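Since the structure comes first, as structure tokens, the remarks are kept for the end.
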Amino acid sequence: MTIIDPKDLSNLYFGANKKTNAGEETAEFFVHPSIAIQSGTESTTPSDHHGTNIVHGRGMVATNDIAAGECIFITPPTVGMDCHAMESKFKSGTNVALEDLAMEELIDKMMKDINSKQDGDTKVNACINSFLCLMGSTKDTKKKVTIQMLNGKDDTDHWSAEELKDLSRKDMKTILLKNAFGPDFIMYDRIQAQWSSNLSYTPPNILGVFPLAAMINHSCTPNAVRTFSNSCMVAHACQTIPAGKEIMWSYIPPTQVMADRRRALKKRHGFLCKCERCMIEAKELRKDLLPTNLKQALEEANKWNEGMLDMSQISDETSKRQLCAAAIHLEETIFSSKSLSNEVKRHVRVGYTNLHINYFNTMLTTAANRKQPQQQQNVQDLVLQSATQLHFAYCSSNNTSTEHLSVLHLCYELASSSKNNNNNAKFWTEAIKRAHLTRYGSLGSNLTSIRNCMVHTRTVLRQRDGYLQVQFNFL
Ligand SMILES: [Zn+2]
């Protein structure tokens, strides 16, 4: 087993020997010494006077201050699917949807471990311990969960043959639905489309159980961020996490408006989010109290905020005009409003990420067709202004999200090509570097790796399916 040095992750992301398989001896681990698992943590949201407090079953807390950019852990799945094996299995012919196929395969693996368990089989024991402790409060309370156990390193005989006998595929499915991690940013149907057209394409992760990661609870303003590289999960702090504070990340893309976030969380994870961001948005943007002009601006903006990365519906001139008008209207009402707090404005701005990206793209393609260089320059300056605001909003609300990195690249390009903002290129270079090193961790002093990392995120949101056009090892 190799322990990766979190001070230089370039090898993990870009190294030659990248293949890692679940449970194999080559598996890589790192765990920050200042994290602990706590059970029954009660988190009271400050602005919530009438709702019930969120009671997390278990959570991960910082036992000492953790600075933004510090690596929290690196772990392969204790049970997971190898992407290449999955690709050949899928291509060999099946009528089953990829997501279901991956789920069934993973359940097979778990059941095989359970059924083959012999006393003293340390490897199987440790694996079973890692995923069975995720089973839910009624069945697993007698086992105290440790980081060792979660990482598949505790081979103590916790489960008797009698107890294991009763476990079914249904139990495994329950564990997976709540705790497994899929490909995250890329959707299954996109992967499936690639494979169905016989294109070779390796997503950073297909489906895996990362029990340590499964301890982290949700917040729409996360202080941690995860990435995948060759089926390994890498977690970094994206904000400073003071000692005693819970480490949280987002289960869904947090760059959506509150209604969409809450809907997605309810559907996929079965809870109503009452994180700090949701509570302040719910309070300040209450429909029955909001002035009509603000309410209208939000509703208008909603129309252009749906459909991640999808510009195809905004091809005609009328739509383009309406989209730009909605973005400008939002700026003139919501973001200039005296009655809303700056905090809620930042959250709202981040929530309308799709609208912003579509607005920037529309403005810039239109500007490219202008004959007058001065006109082009004016449009670029306008976009840079708006993108700068968006950057600052990300810093406090969703620091180093994929969208944040993409917007930073845009700002850098606009600033460095601008005649008016030449001095700002340096500011954006620093901001890009800092954000990448926070999200992906330290890449050592290897400049090529750092450049590779940046090339990787550059095109993500600038064009439709941009992320499929970059050769990627991680997201
Ligand atoms: Zn929330």
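Bear in mind these aren't lab numbers, they're just calculated from the coordinates by the rules spelled out. On a predicted model such as this, the values are computed, not experimentally measured, just so you know. We place every Cβ from the backbone using ideal geometry, glycine too, and count neighbours over all the protein chains shown.
Distance from the C-alpha centroid of the range 205-235 to that of the range 370-403: 29 Å, rounded to the whole angstrom. Taking a ≥ b ≥ c as the square roots of the Cα gyration tensor eigenvalues, with a/c under 1.5 meaning rounded and otherwise prolate when a/b beats b/c, else oblate, which class fits the range 190-300? In terms of gyration-tensor shape, oblate. Whole Å is fine, so just give me how far the alpha carbon centre of the range 56-123 lies from that of the range 431-446. When both Cα centres are located, 27 Å separates them.
Under the simplified labelling scheme, the S116-Q296 pair shows an inter-label distance of 6.7 nm, with each label point 7 Å from Cα along Cα→Cβ.
Based on the alpha-carbon gyration tensor of the range 258-469 and its eigenvalue square roots a ≥ b ≥ c, which shape applies: rounded if a/c is under 1.5, prolate if not and a/b is larger than b/c, or oblate? Here the range 258-469 falls in the oblate category. Distance between the 7 Å Cα→Cβ label points at S339 and S88: 6.4 nm. Take the Cβ-Cβ distance between R286 and E306 as r, set R0 to 30 Å, and report the resulting FRET efficiency rounded to the nearest 0.05. With R0 = 30 Å, the Cβ-Cβ based efficiency is 0.85. For the range 374-424, the calculated P(r), taken from all Cα-Cα distances in 5 Å bins from zero up to the bin holding the longest distance, is 5, 23, 31, 21, 13, 7, 2 percent.
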